[in-house]
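Student: Below are the structure tokens for one structure; questions will follow.
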Amino acid sequence: MPHPGMKRRYYQMPKAEIAYLRYTLESYDGLAYQRTLDSASGLVEVLWPVERTVDVDALLAALSEELGWQEVDPPEVVPPI
């Protein structure tokens with residue numbers, strides 16, 4: 001069940017870049033949060049407060065372009081937070 005006031009996006013990326021994403025998001029102090037849904041395939045979920053959407057969209061677009069990450073559809077089953 002989605003959390004009110006939070007948006008989500010899912011990305012497929014090389015396993016080695018998951019830590020880079022986490023480090024980058026943490027450096028923005030609360031802008032967005034990341035959790036790994038499947039480390040073997042590099043599937044991650046990025047969550048953020050709706051009011052930060054403009055900033056998060058810009059950051060994720062820049063990272064995706066720079067590093068070639070693929071935005072993907074949500075998995076059929078997303079574990080609860």
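The values are calculated or read from the model by the stated rules, or taken from the named source; none is laboratory data. What you see is a predicted model; the values in this text were computed from it and never measured. FYI the Cβ positions are ideal-geometry reconstructions off the backbone, even for glycines, and counts take in every protein chain you see. Calculation scope for accessible area: heavy atoms of the full protein, side chains included, ligands and nucleic acids excluded. Shrake-Rupley method; radii C 1.70, N 1.55, O 1.52, S 1.80 Å.
Student: Divide, for the chain, the radius of gyration over alpha carbons by 2.2 N^0.38 Å, where N is the residue count. Spell out each step's value before the answer.
Tutor: Working: Rg = 11.9 Å, N = 81, 2.2 N^0.38 = 11.7 Å.
Relative to the 2.2 N^0.38 Å estimate, the chain comes out at 1.02.
Student: Give me the net charge for the shell around P80: Cβ to Cβ below 14 angstrom, other residues only, Lys and Arg +1, Asp and Glu -1. Intermediate values should be presented prior to the final figure.
Tutor: Working: positive: R8, R35; negative: E45.
It works out to a net charge of +1.
Student: Multiply the residue gap between Y33 and A61 by 0.36 nm, knock off their C-alpha separation, and tell me the result in nm, one decimal place.
Tutor: Details: separation 28, 0.36 × 28 = 10.08 nm, distance 1.57 nm.
Stretched out fully, the Y33 to A61 stretch lengthens by 8.5 nm.
Student: Carbon-plus-sulfur fraction of the accessible area of the stretch 1-44, 1.4 Å probe, in percent?
Tutor: Values: 1560 of 2770 Å².
Summing carbon and sulfur atoms, their accessible area is 56 percent of the total for the stretch 1-44.
Student: Additional query: For the chain, what is the accessible area per residue in Å² when the probe is 1.4 Å?
Tutor: Working: 5200 Å² over 81 residues.
Using a 1.4 Å probe on heavy atoms only, each residue of the chain averages 64 Å².
Student: Could you compute the net charge surrounding L60? Neighbours are other residues with a C-beta less than 10 Å from the C-beta of L60; K and R count +1, D and E count -1. Let's see the in-between values first.
Tutor: Details: positive: R9; negative: D55, D57, E65, E71.
Combined, the nearby Lys, Arg, Asp and Glu give -3.
Student: Would you work out the relative contact order for the chain, in percent, from Cα pairs under 8 angstrom that are 6 or more residues apart? All intermediate terms of the calculation are to be shown ahead of the outcome.
Tutor: On the way: 105 pairs, mean separation 30.6, N = 81.
Reported as a whole number, the value is 38 percent.
Student: Using a cut-off of 11 Å between beta-carbons, work out the net charge of the residues near G42 (Lys and Arg +1, Asp and Glu -1, G42 not included).
Tutor: Numbers: positive: K15; negative: E17, D38.
Surrounding charge for G42 is -1.
Student: Report ³J(HN,Hα) in whole Hz for each residue of the stretch 7-24, in order, from the Karplus equation J = 6.51 cos²θ - 1.76 cosθ + 1.60 where θ = phi - 60°; Gly and Pro get x.
Tutor: Karplus-based 3J(HN,Hα) across the stretch 7-24 equals 10, 9, 8, 10, 9, 10, 8, x, 3, 5, 8, 4, 5, 4, 4, 4, 4, 5 Hz.
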